[in-house]
Amino acid sequence: MTLPRLLVLSLGGTITMMPDASGGITPKLGAAELIASVPDLAAVARIEASSPFRLASPSLSLANLVDVARRIDQGFKAGFDGAVVIQGTDTIEESAFILDLLVGGDKPVVITGAMRGADAPGADGSANLLSACIVAASAEARGLGALAVLNYDIHAARFVQKSHTALPSAFASPLTGPVGVVAERRARFFMRVERTPLVPILDAPPAPVALLKWGMGEDGRLLSAIRVLGYEGLVIEGMGAGHVPAEVAPLLGELAEQMPIVLASRAMTGPVFTKTYGYPGAEIDLIGRGLVPAGYLSGLKARLLLSLTLSSARTPSAVGAAFAAYQ
Ligand code: ASP
């Protein structure tokens with residue numbers, strides 16, 4: 001039996017990090033070294049590996065991930081059966097969602113990393129890399145969009161969140177739970193998610209979109225700076241089901257006449273409401289003033305969708321249509 005062909009791209013992250021003169025750990029290893037450190041991979045897939053970046057994931061940009069999406073797209077056209085992206089866990093939920101939006105077709109795209117450095121006792125990188133390749137090589141993973149695989153759990157890109165700063169079990173999908181698990185070296189799926197609409201991979205740079213989390217007593221004075229600073233869109237994480245203080249609603253309404261504003265929630269999970277609360281500053285008021293509800297997308301993911309949508313289409317109807325799939 002011929003093993004599936006996998007494209008493995010390493011972008012850096014703790015999984016690649018070793019101690020250095022800084023006194024801490026920094027990205028050192030490339031994809032080839034990571035693959036060589038897990039001999040069991042030879043029984044899973046035929047792997048071609050490269051290291052487009054060696055960065056800590058807070059320094060990855062949207063443009064970097066658009067570049068990765070393009071490489072995967074080309075790899076799939078060249079005959080690879082699946083792709084694995086290795087990167088830092090701090091921004092895995094964002095990278096996974098970008099790849100979910102940009103990479104078409106039904107071949108698996110799996111993202112992984114590690115919570116412990118490469119030379120730490122109990123380093124989780126090799127187990128995660130092996131699991132990620134098992135999932136990417138499995139026929140059952142086809143058609144599910146981008147998946148994040150860590151700690152044996154398989155998460156759908158749109159639901160996964162980093163929810164702990166330290167534990168190997170840091171990744172969770174609070175709205176739904178994981179879609180599957182890797183056990184006995186096999187990917188097992190307990191539910192399937194539908195693909196959501198693709199966003200085209202464009203040459204234009206992603207549009208700058210600001211993200212603001214609303215805190216008690218915040219009077220909205222920051223809003224006057226958003227346009228001046230060159231942002232082309234805004235996502236706010238409102239309180240609860242999507243609410244702000246009453247005096248902030250007209251400020252958001254004025255800004256929504258100049259740029260798209262998406263309403264997400266600062267609560268960890270659950271959809272933004274659209275038709276329940278009628279007080280000033282609540283979701284009915286804000287949507288009436290032109291804000292677009294983010295549905296169940298987190299503020300982080302709503303920001304990415306708005307940015308990528310704005311780089312191809314700037315009309316209010318295009319923004320509404322982009323978020324309609326997540327309500
Ligand atoms: N700060 C690291 C990074 O995201 C954390 C990790 O990889 O787990 O690159």
So, Thr2, is that one within 30 Å of Arg195 (Cβ to Cβ), under 22 Å from the mean Cα position of the chain (by Cα) and of a type in the set (Ser, Thr, Tyr) or not? no
With respect to Leu9, is the statement that it is under 15 Å from Gly82 (Cβ atoms) and away from the ligand (no atom under 14 Å from the Cβ) true? yes
Would you mind listing the helices (runs of 4 or more DSSP H) fully within the range 261-325 where at least 2 residues are farther than 20 Å from Ile201 by Cα and in contact with a helix residue (DSSP H, G or I) (Cβ under 9 Å, 6 or more places away or on another chain)? 283-288
So Ala123 ticks every box in (1) free of Cβ contacts under 8 Å to residues at least 40 places away in the same chain; (2) under 23 Å from Arg5 (Cα atoms); (3) not basic (Lys, Arg) but one. Which box is left unticked? (2)
Val85 passes all but one of (1) within 15 Å of the ligand (Cβ to nearest atom); (2) part of a helix (DSSP H, G or I); (3) of a type outside the set (Lys, Arg); (4) buried (at least 20 other Cβ atoms within 10 Å of the Cβ); which number fails? (2)
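Okay, residues lined up against (1) within 14 Å of the ligand (Cβ to nearest atom); (2) on the phi > 0 side of the Ramachandran plot; (3) open to solvent by 40 Å² or more (accessible area, probe 1.4 Å); (4) without any contact (Cβ under 8 Å) to a residue 24 or more places away in the chain:
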{"position": "Ala96", "(1), (2), (3), (4)": "yes, no, no, no"}
{"position": "Leu99", "(1), (2), (3), (4)": "no, no, no, no"}
{"position": "Arg116", "(1), (2), (3), (4)": "yes, no, yes, no"}
{"position": "Ala166", "(1), (2), (3), (4)": "yes, no, yes, no"}
{"position": "Phe171", "(1), (2), (3), (4)": "yes, no, no, no"}
{"position": "Leu175", "(1), (2), (3), (4)": "no, no, yes, no"}
Of everything in the range 30-60 that's among the polar types (S, T, N, Q) and within 15 Å of the ligand (Cβ to nearest atom), which residue is least open to solvent (accessible area, probe 1.4 Å)? Ser57
Odd one out for Pro27 among (1) over 15 Å from the mean Cα position of the chain (by Cα); (2) within 15 Å of the ligand (Cβ to nearest atom); (3) closer than 18 Å to Ala157 by Cα; (4) not acidic (Asp, Glu): (3)
Enumerate the pairs (first residue in the range 132-148 and at positive phi; second residue anywhere and open to solvent by less than 10 Å² (accessible area, probe 1.4 Å) and in a helix (DSSP H, G or I)) with beta-carbon separation below 6 Å, excluding pairs fewer than 6 apart on the same chain, so at least 6 apart or on different chains. Gly145/Asp100
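The values are calculated or read from the model by the stated rules, or taken from the named source; none is laboratory data. What you see is a predicted model, and the numbers here were worked out from it, not measured in a lab. Don't worry about glycine lacking a Cβ; one is built from the backbone with ideal geometry, like all the others, and counts go over all protein chains shown. Quick note on the areas: whole protein, heavy atoms, side chains included, nothing else; ligands and nucleic acids left out. Shrake-Rupley method; radii C 1.70, N 1.55, O 1.52, S 1.80 Å.
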